[in-house]
Amino acid sequence: NHPMDAGAQRDAWGERLPRSLGLFSAIAVLVGSTIGSGIFRTPARIADLVPSPLPMLGVWALGGLLALCGALTYAELAALFPRSGGVYVFVREGFGRLPAFLFGWTELLVIRATALGAIATVFAEYLMRSLGYDPTAGPVHYLAAGAIAVTAIFNYRGVKWSAILLNLTTGAKYSALVLLVLLAFVLGNGDAGHYTAGDGTVKAGLFGLSLVSVLWAYDGWADVSFVSGEVKDPEKNLPRALIFGTLSIIAIYLAVNLAYLYLLPIASVRHSPLVAADAAQLLVGRFGVGLVSVVVMVSTFGTLMGSMMTGPRIIFAMADDGLFFRGLAAVHPRFQTPSRCIALIGTLAVGFVLFLGFERLADTFVLAIWPFYALAAATVFGLRRRRPDLPRPVRTFGYPVVPLLFILSGVMILGNALVASPRDPVIAFGVILSGLPAYLAWRRFSGHATVARP
């Protein structure tokens, strides 16, 4: 044990971090990590690809169904292995240490830092806009770096404080979206005829492309698994958080899109990059545009807080397994957090946002996480066959169809990306495969045991 590990005893599941997140906080992690700026921006792209109201709503519903398939599958795995790292642990248990290392490697090298940088930049742009300044001005990068540093400090000093802030921002943005929906149908001078008045035919290929964008808008529901080791009564609360949290995302996404289409014809939605601002302007005038800027700012800050909470736990789990520098598995004696991992991820993210053009990378490397999502889901099949005796507090509803649907959605995302933009998945897989020599070098020179910790 390291000096920083004082008092960090393993619990019944082998976890050393204290379990201080209740059900509401676990749901807030899921919802807060998922609802960022996507629901304010993505509808315009979906309407452009699917210029007919009912098929457009169908894309959002189908995307939600596939995300729910993932949540139902992970519910079984999270209850079985309520450990920090989530997807990392699932992949390790199902397919061994090499694929688990590749997941952690890819997260560390690009995914988490670029995602934090992208989220923080959107936050900084809307903060500038809310204060009346040009959002393309120079200070944006410094504000984004400052936001990353603030969320890192909160997380460093304890998961309870981070959870309080995440609960508040999640509650605020979810309530704002609910209010937008209520105002649209109660005060809005909309037209139900917008639901049937389309602009053109829907092509199958474009429907598939739009589904990829929608699945990315739903991405974040799995993040709660990364903090599984800090959830109280995990065998009950983790499955509930995954399922109820994902259902709440589906409900608000569908309701908001219904509100957009009620207020605006689909032709207007498809040409409105910030459709929420246009909808709010119709309801309460110019004040609504400023209000939406504030809501997006709060929304993205909450997502940044959630991502900073969940990401370092993957590296912590990897180090705890002896697959990365053991010092990173230290638990802070006072704050009881994986403090060194938080500092590492925060520093990398600040470096990305200050010195690198990461926006393209952030889009590209979203592709890198989907093979691991699918692998983790496939673990259900392997464990049912190899370890049928394991006590399963929760079993996947609709097995085996539900996990298969989720795995197929992952394959579809990658296949669609290969056809639409071959360069992006090639780069993403290049980063994943670069972990192979790193793994072999680590095995050779680290001297760490290769047997996973309990």
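The values are calculated or read from the model by the stated rules, or taken from the named source; none is laboratory data. Computed from a predicted model, the values in this text were never measured in an experiment. Quick reminder, even Gly has a Cβ in these numbers, built from the backbone with ideal geometry, and neighbours come from all protein chains shown. Calculation scope for accessible area: heavy atoms of the full protein, side chains included, ligands and nucleic acids excluded. Shrake-Rupley method; radii C 1.70, N 1.55, O 1.52, S 1.80 Å.
General observations
- Förster radius 41 Å - calculated FRET efficiency between Val178 and Phe325 (Cβ-Cβ, nearest 0.05): 0.40
- Tilt relative to the chain, helix 423-433 - C-alpha long axis, 0 to 90 degrees, to 10: 20
- Size of segment 226-346 from its Cα atoms: along the principal axes, largest to smallest, the extents are 56, 31, 25 Å.
- Theoretical ellipticity at 222 nm over the chain - DSSP helices of four or more residues, -39500 (n - 2.57) apiece, nearest 500: -23500 deg cm²/dmol
- Gyration tensor verdict on segment 43-174 (Cα atoms; rounded if a/c is under 1.5, prolate if a/b is larger than b/c, oblate otherwise): oblate
- Cα gyration tensor, segment 136-192 - rounded (a/c under 1.5), prolate or oblate: oblate
- Protection proxy ranking of 298-307, 313-322, 344-353 - average other beta-carbon atoms within 10 Å, highest first: 298-307, 313-322, 344-353
- Distance from the C-alpha centroid of segment 264-296 to that of segment 17-64: 18 Å, rounded to the whole angstrom.
- Take each peptide in 75-84, 171-180, count the other Cβ atoms within 10 Å of every residue, and average; sorted highest first, the result is 75-84, 171-180.
- The order of Tyr195, Tyr126 by accessible area, most exposed first and with a 1.4 Å probe, is Tyr195, Tyr126.
- In terms of its C-alpha gyration tensor, segment 189-228 has an oblate overall shape, because the principal axis ratio a/c (a ≥ b ≥ c, square roots of the eigenvalues) is not below 1.5 and a/b does not outweigh b/c.
- Of all accessible heavy-atom area on the chain, the percent that carbon and sulfur account for (1.4 Å): 68
- Peptides 286-294, 39-47 ranked from most to least packed, by the mean per-residue count of other Cβ atoms within 10 Å: 39-47, 286-294.
- Alpha-carbon centroid distance for the pair segment 400-414 / segment 82-121, whole angstrom: 19
- Isotropically averaged projected area of segment 303-444, using the convex hull of Cα atoms (one quarter of hull area), nm²: 12.1
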